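Working notes, structure below.
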Amino acid sequence: MNYEGQICRSPMERGSFMLPVAVGCSYNACTFCTLFKHLTYRQLDREQIEQELQRVQQLGGNPKTVFLGDGNAFGLDTDHLLWILERVHHYFPACTTVNMDATVTNISLKSDQELKALAEQGVHGLYLGIESGLDDVLQFFRKDHTLEQAYRQIPRIQEVGMVYNAHIMTGIAGRGRGLENAEATAAFLNRTKPNNVTNFNMFLHWKAPLYREVAAGNYQASDEQEDLREERRFLECIETPIIYDALHDVVEVRLKGQLPRDREKLLAKVDQAIAYWETQSPCIKWYP
């Protein structure tokens, strides 16, 4: 299949077979994101999806885990998703797990019966862009949910046996609010109990709508030094068991482990990074 756009999926899915079922993101309004702004959202037709499944099967593919792309595949109509799941299991009898990205709104638009049917047909994990535990930050970046909405919807998928995995962004709250954001985000995760947490760390792109806010003086980005201190506080505050993966591309720091089991190891690594970067000029992560 000719893939349209930029491939975007959690590093937790690196061993999965990625089956595109849509192009772009049906929401596509988050102001920090540039992944899908150049695309017109559409779902792929059934013939195209089936042809890709046939192609992989004929090459000997029979993956145990399938990831449905693109930006928020869980937003597809339930009947269409159930058809996709049936076809996946037809062509890949070894498949036991189907994961995909979702938004809180996607969950809210599905009934309890729909969620149960999807879980029974193999939907296992949903990746939610939580980003921050601060409501004003979510509103500023035009996320599709409030904290209260997330608190209502996440238990609904957990009750039918799905697990939720959270994407967060240290640095998203801006200059001077790192520790506040760390504590609020950790509190949210401690309450909602995700299986996996991926921290992509805040990134700034000249083409993102956020750039206009920066240019207008409405947003002041934190530097990597503050972001590392924010992450340290976040690691201290997490109490619920999670698998954690943090990516700081600009300062080339990667933190992976299980919390709280590996807390001291991760704190030692982030302390080492803080000690080094505190001796360097402030570094803010802009991408061309």
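The values are calculated or read from the model by the stated rules, or taken from the named source; none is laboratory data. What you see is a predicted model; the values in this text were computed from it and never measured. Note that each Cβ is placed from the backbone with ideal geometry, even for glycine, and that neighbours are counted across all protein chains shown. Calculation scope for accessible area: heavy atoms of the full protein, side chains included, ligands and nucleic acids excluded. Shrake-Rupley method; radii C 1.70, N 1.55, O 1.52, S 1.80 Å.
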*Evaluate the following for residue 147: is it of a type in the set (A, V, I, L, M, F, W, C), surrounded by fewer than 23 Cβ atoms within 10 Å (Cβ to Cβ) and touching an Asp or Glu at 6+ places or on another chain (Cβ under 6 Å)?*
yes
_Take residue 197 and tell me if it is within 21 Å of the chain's Cα centre (by Cα), closer than 18 Å to residue 165 by Cβ and crowded, with 16+ Cβ neighbours inside 10 Å._
yes
*Which of the residues spanning the stretch 206-265 are closer than 14 Å to residue 189 by Cβ, open to solvent by 80 Å² or more (accessible area, probe 1.4 Å) and hydrophobic (A, V, I, L, M, F, W, C)?*
none
*Tell me which residues, restricted to the stretch 93-107, are closer than 21 Å to residue 51 by Cα and either within 21 Å of the chain's Cα centre (by Cα) or touching a residue at least 60 places away in the same chain (Cβ under 8 Å) (or both).*
97, 98, 99, 100
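Here's the yes/no breakdown for (1) crowded, with 17+ Cβ neighbours inside 10 Å; (2) β-branched (Val, Ile, Thr); (3) part of a loop (DSSP other than H, G, I, E, B):
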residue: 9; (1), (2), (3): yes, no, yes
residue: 33; (1), (2), (3): yes, no, yes
residue: 50; (1), (2), (3): no, no, no
residue: 55; (1), (2), (3): no, no, no
residue: 67; (1), (2), (3): yes, no, no
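One line per residue, one yes/no per condition, for (1) without any contact (Cβ under 8 Å) to a residue 60 or more places away in the chain; (2) in contact with a Leu (Cβ under 9 Å, 6 or more places away or on another chain):
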{"position": "16", "(1), (2)": "no, no"}
{"position": "19", "(1), (2)": "no, yes"}
{"position": "27", "(1), (2)": "no, no"}
{"position": "42", "(1), (2)": "yes, no"}
{"position": "47", "(1), (2)": "yes, no"}
{"position": "50", "(1), (2)": "yes, no"}
{"position": "58", "(1), (2)": "yes, no"}
*Could you give me the residue pairs with C-beta distances under 7 Å whose first residue belongs to the stretch 266-285 and is free of Cβ contacts under 8 Å to residues at least 40 places away in the same chain and open to solvent by 90 Å² or more (accessible area, probe 1.4 Å), whose second residue is of a type in the set (A, V, I, L, M, F, W, C) and not in a helix (DSSP H, G or I) wherever it lies, and which are 6+ apart or on separate chains?*
269/255
